[in-house]
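Read the structure below first, then the notes.
The values are calculated or read from the model by the stated rules, or taken from the named source; none is laboratory data. Small disclaimer: the values here were computed from a predicted structure and weren't measured. Positions of Cβ are generated from backbone atoms using ideal geometry, with glycine treated the same way; all protein chains shown enter the neighbour counts. In case anyone asks, the SASA skips ligands and DNA or RNA and just uses the protein heavy atoms, side chains included. Shrake-Rupley method; radii C 1.70, N 1.55, O 1.52, S 1.80 Å.
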Amino acid sequence: MEKKYILFDLDGTLTDPMVGITRSVQHALEHYKIHEPDLKKLTPFIGPPLKDSFMRYYHFPETQAREAIGVYREYYSAKGIFENEELPGIRQMLKRLKEAGKVLLVATSKPEPFAKMIVEHFGLDPYLSFVGGADMEETRVKKGDVIRYVLEQIKIVDGADPGRPAAQKARTAAQKARVVMVGDREHDIFGAKENQIQSIGVLMGYGSREELEKAGADKIAADAGELTELLLGDW
């Protein structure tokens, strides 16, 4: 079936935020007397929610991990947000998809205000109908929750879900069949599955083919050109 509604992850899918994110993590770690000079070792922080990454990779307890996010944002909001690059072929892809009548959206675990600033900074906002992200309080940060939020904003799903009549549920299912999530990490694929939509994993970012296949991506694209052809096709 032709996909009309396309949700894109941001980091590692539309832009490469490696320098800004890793330097912001480095800044936060220094606050706790943890010295990590090699930015490449911090690339696993790109994509997943920050709290989860501080807990997973540096074994911070949850309270400290939440505190570390505030320290991270000291650097990120002042400088790291724009230590970022547009990925090759992305602008051409978005232009072609929009001209084909696709509804293009962002669903990212990055806080929504930051995501909107980045999209505007690169001049990608004319192609996008909505930019959805995490809230600053980190209550909506898991990819599945962000995807659902975006789907609610474009009226694919109803926030008052539970007691819907069968006919409405059928319409929602039919609409979801025309939605696809595009991202570079397993979290994007898991979030899509949680919302009963299909997914495409991309290899331009920070997830490997093995990671994306293991997560259950429906398709995998090596670059923006291959991704464009997938998104314009029927499958």
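Here are the numbers for this structure:
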quantity	calculated
Unmet criterion (only one of (1) open to solvent by 40 Å² or more (accessible area, probe 1.4 Å); (2) not in a helix (DSSP H, G or I)) for GLU210	(2)
Hits in the range 54-68 - residues which are under 24 Å from ILE189 (Cα atoms) and either in contact with a Cys (Cβ under 8 Å, 6 or more places away or on another chain) or buried (at least 20 other Cβ atoms within 10 Å of the Cβ) (or both)	PHE54
Considering residues of the range 222-235 that are closer than 15 Å to LEU14 by Cα and free of Cβ contacts under 8 Å to residues at least 24 places away in the same chain only, the residue farthest from the chain's Cα centre (by Cα)	GLU226
Any chance ASP188 is farther than 18 Å from TYR149 by Cα and among the charged types (D, E, K, R)	no
Lone qualifier among VAL103, VAL71 - being in contact with a strand residue (DSSP E or B) (Cβ under 7 Å, 6 or more places away or on another chain) and not aromatic (Phe, Trp, Tyr)	VAL103
Candidate set: the range 11-39, residues that are of a type in the set (S, T, N, Q) and part of a helix (DSSP H, G or I); chosen: the one surrounded by the most Cβ atoms within 10 Å (Cβ to Cβ)	SER24
Filtered residue count, the range 169-189, keeping only those that are without any contact (Cβ under 8 Å) to a residue 40 or more places away in the chain and open to solvent by less than 20 Å² (accessible area, probe 1.4 Å)	2
Residues of the range 71-97 that turn out to be of a type in the set (D, E, K, R) and within 28 Å of ALA221 (Cβ to Cβ), as a count	6
Count of residues meeting criterion [open to solvent by less than 70 Å² (accessible area, probe 1.4 Å) and either out of contact with any Leu (no Cβ under 8 Å at 6 or more places or on another chain) or not hydrophobic (A, V, I, L, M, F, W, C) (or both)] in the range 219-228	3
Filter result (part of a helix (DSSP H, G or I) and either β-branched (Val, Ile, Thr) or touching a Pro at 6+ places or on another chain (Cβ under 9 Å) (or both)) within the range 40-68	THR43, SER53, MET55, ARG56, TYR57, THR63
